[in-house]
Amino acid sequence: MENKNSKTDSRRQFIKKISTGSIIAASGLALSSLSSCKETSQEKTTLLTTDGKLVQVPNSEIGELEHQHITPEESRQGIPGKKWVMVVDLGKCKNAKKCIEACDKHHNLTPDRPYIKVLEMKDNEKSSPYWMPKKCFQCDNPPCVKVCPVGATYKRTDGIVLIDNERCIGCRFCMAACPYSARVFNWGSSPDQEVTTAYSPETSIPSKIGTVGKCDFCPDMLRKNKLPHCVPSCPNGVIYFGDEIDDTVTNGEETVRLSTLLRDKAGYRYMEELGTKPRVYYLPPVDRLFPFEKSTEENSES
Amino acid sequence: MDIEQRKRELVKEFSPMLRKTTTISKIWIGFLIAVIAVGFYALILQFTKGHIVTGMRDNVVWGIYIINFIFFVCLSYSGAFIAGILHFFKTPWKNSVSRIVEITTVLSIIIGPIFILLCIGRLDRLHYLFLYPRIQSPITWDIIAILTDLIGCFLYLYLTFIPDFSILRDNSDDAPKWRKKLYSILSFGYQDTTSQRERLNKITRIMSTMIIAMAIVTYSVLAWIFSLTVQPGWNSTIFAPYFIIAGLYSGVSVIIVAMYLIRKYYHLNHYIRKVHFVGAGIILLVISLLFGYFTFTEYFSRWFSHKTHDIELLETLFNRYFWEFIFANYIGVLVPIGILFFKKFRTIKSITFAAVIAILGLWFNRYLIVVPTLETPYIPIQDTRPEFIHYSSTWIEWALSFTGIAAFILFFMLIMKLVPIIPISGIIDQERKSKKIKPKIIL
């Protein structure tokens, strides 16, 4: 019953969002800056903002907003009313590495510097090995944010931990403090020479030499009401992504209640005892879709 | 003997050290400048190509730069501590060593932070530390502590220099003009009157206690950079006191080595005597016992409690870093104890040897605190690239490390050209007290 509800719920929301079109990409901030400009345009459209307010926006502005560039300052605010959360079903992962490919492609990463890693895990001698996709856990008590001396990495209201590469001084204290080895450093010159778009912490491109990077939950996609790149790219639907406040997560194929999923499949967070309060949950590797297989060719490639 | 006459005599005695540069020291200076030049080239490479030229990678994000940083800052801290103690308790034999200690303190607090700057990926944004400071970060605490310490130590060193500058100003008639002018500016109008002397003594005494306190704060904060994280090898409650003891251990050792070298090359056997070495050696013995105790406690509790990640770390230490571990934590502690414990072994040479072993042992001890911990994170490293699994420092890092040491020695030599390494004013004070010389009558 609940599941059905959640499906209709999310469908209704989806339709609602469609109606507002890509204007949501502009977010509250962009809209408020819009309303301050008192231009009298001929035609206006009434739109619903993410905080539930109705606003009138001139039609001429709508097209531009689609490509709204989120500045480092704006990226410090989260997407209003959201608490992003991820659930990774370890029973479904077969180390296809498609999530890594998609992530690398969209973040313009070279294969030697991925944000996502798929690790071969074995909890103890008797237990069977499994694959564990690992991103940034976007902790609610982030050890990395605590130690940054310049506030270059920050926790947003929507739960995402971002890095402002224009602020980062490259001291790497955050990397030393992160217990999950989630962060990577731009040791040499960046491969993004051809990228011409302006830098935004929400896209993490172009990357900058001497600064830190990491998985960012793709806020640029979230603003467009799309899923982070790794989620739809997974052929097995391993990764669920959604909003904790809505209590829904989706892997692109099925949408489920977060609380139900965590309850029924005994969801847990990796190394809960460290007190970092991750926003990424794991479902134990039970009822496996695939047997654990180490493809030696793939291992040697990576 | 008249006090003014005695001053002249002492200036005459020390002026060859100040003004003449022997061939050996010329060769030394040339060599040190060459080392610094190589370091400069390495620095340019690192600036232009990024940190890719170092051995640091995503897992081992900090390498020998931060180890040198800890090492030099701890040198400074312990120098300040010892200088403070010597001054505060009016130690009778302090005069001959106090200036060595003070110069060590100031130079190492200048050179130490340069190593942390080498660690920073974006030096062009260094001012962000002051533009956007976040007070929660231990690095911000460290910056505040080190800057305070730097200013405090510098003031203290300067205070102890003033009486000598004034003596040199009044007694260097045959010196070049720039030198006279420099002394006259630096002596700050000090005339060595009774009231001036008392005031200076009072200020120096207050500063000596202040720098002890500052040194403890600075070094605790430095230890917290590691121990406030959740990493298995670092998250330890005893790190701050452990680092303080370790700092004293290397600090006393460096001072012993400096005493030995200065005594030998400047022929100061008359001033730096065996009693100083034995005194410093006994202090080193006490500290080495404490240091060994702290090291043992730190590793013993990790081993006994047997937590998974602690054990992974210990396994790395006892396999990959076996010899380094043995050298740092066995030889580096037990050999100095063995030498210093027995009275008959306490000769100048053997005490210096013990000090050299202690310095090297301590450097490796720091290395084993930083690198193996980063090589055994909570999440296992699964990488096929060897440089991402294990840290091995590149020639650039070594070149810059030796540049730090070379700069330390070079600046030391240059300061010794400016002021006598044995404080003249201290000798005067001592002789005044023992009534060997008559005070000047001030009308």
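The values are calculated or read from the model by the stated rules, or taken from the named source; none is laboratory data. Since this is a predicted model, take the numbers as computed values, not measurements. Quick reminder, even Gly has a Cβ in these numbers, built from the backbone with ideal geometry, and neighbours come from all protein chains shown. The protein model used for the area step is the full one, side chains on, heavy atoms only, and it has no ligands, DNA or RNA in it. Shrake-Rupley method; radii C 1.70, N 1.55, O 1.52, S 1.80 Å.
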Of all accessible heavy-atom area on the protein assembly as shown, the percent that carbon and sulfur account for (1.4 Å): 63 percent
Inter-chain Cβ neighbour average for residues A:210-221, partner chain, 10 Å: 1
Give me D for the stretch B:1-147 in µm² s⁻¹, whole number, from Stokes-Einstein with Rh from the Kirkwood sum over alpha-carbon pairs, 4 °C and 1.567 mPa s. 68 µm²/s
Note down the net charge around B:LYS26, summing +1 for each Lys or Arg and -1 for each Asp or Glu among other residues with Cβ under 13 Å from its Cβ. +2
Using +1 at the C-beta of Lys and Arg and -1 at the C-beta of Asp and Glu, which of A:GLY78, A:SER181, B:ILE114 has the Cα lying farthest in the positive direction of the dipole of the protein assembly as shown? B:ILE114
What 222 nm value per residue comes from the helices of chain B, counting each DSSP H run with n ≥ 4 as -39,500 (n - 2.57) and dividing by all residues, nearest 500 deg cm²/dmol? -25500 deg cm²/dmol
How much accessible area does B:LYS94 have with a 1.4 Å probe, in Å² rounded to the nearest 10? 50 Å²
Please list, in order along the stretch B:178-188, the HN-Hα scalar couplings obtained from phi with the Karplus expression 6.51 cos²θ - 1.76 cosθ + 1.60 (θ = phi - 60°), rounded to whole Hz, x for Gly and Pro. 4, 5, 4, 5, 4, 5, 5, 5, 6, 7, 6
To the nearest 10 square angstrom, what accessible area does B:THR22 show with a 1.4 Å probe? 80 Å²
Loop-located trypsin sites (Lys or Arg not before Pro) in the stretch B:320-390 whose Cβ has at most 16 other Cβ within 10 Å (DSSP): B:ARG320
With 10 Å bins from zero, work out the P(r) of the stretch A:84-283 over every alpha carbon pair and list the percent per bin. 9, 36, 38, 15, 2, 0
Past the 44 angstrom mark, what percentage of all C-alpha to C-alpha distances in chain B do you count? 15 percent
Give me the extension gain from B:GLU387 to B:VAL278: residue separation times 0.36 nm, minus the current Cα-Cα distance, reported in nm with one decimal. 34.7 nm
Around A:PHE292, what is the net charge, scoring Lys/Arg as +1 and Asp/Glu as -1 over all other residues with Cβ under 9 Å from its Cβ? +1
Which trypsin sites (Lys or Arg not before Pro) in the stretch B:1-77 sit in a loop by DSSP (not H, G, I, E or B) and have at most 11 other Cβ atoms within 10 Å of their own Cβ? B:LYS20
Of the listed pairs A:LYS105/A:LYS134; A:LYS83/A:LYS117; A:LYS105/A:LYS226, which have alpha-carbon separations greater than 20 Å here? A:LYS83/A:LYS117
Amide H neighbours of A:GLU202 under 5 Å, at least 5 residues apart or on other chains, H built in the peptide plane: list them. none
Number of Lys pairs in the stretch B:57-381 closer than 15 Å at Cα, excluding neighbours under 8 places apart unless interchain, is 7
Taking amide H positions as placed in the peptide plane 1.01 Å from N, state which residues far from A:ILE209 in sequence (5 or more) or on other chains have amide H under 5 Å from it. A:SER190
Per residue accessible area of chain B, 1.4 Å probe, in Å²: 45 Å²
Along the charge dipole of the protein assembly as shown, pointing to its positive end and built from +1/-1 on Cβ of Lys, Arg, Asp and Glu, which listed residue (B:SER15, B:TRP178, A:ILE245) has its Cα farthest out? B:SER15
DSSP loop chymotrypsin sites (Phe, Trp or Tyr not before Pro) with at most 16 other Cβ within 10 Å: longest gap in chain B: B:189-341
Just to be sure I understand: if you take the accessible area of chain B alone plus chain A alone and subtract the pair, with a 1.4 Å probe, what total do you get in Å², rounded to 100? 3400 Å²
Within a Gaussian network of chain B (alpha carbon springs, distance under 10 Å), most fluctuating of B:ILE24, B:ILE283, B:ILE389: B:ILE24
Where the Cα atoms of the protein assembly as shown are projected onto their three principal axes, how long is each span, largest first, in whole Å? 105, 70, 40
In whole percent, the Cα-Cα distances of the stretch A:56-170 spread across 10 Å bins from 0 upward as 11, 28, 34, 20, 6, 1, 0
Largest-first ordering by accessible area, 1.4 Å probe, given options B:ARG273, A:ARG156, B:ARG205: B:ARG273, B:ARG205, A:ARG156
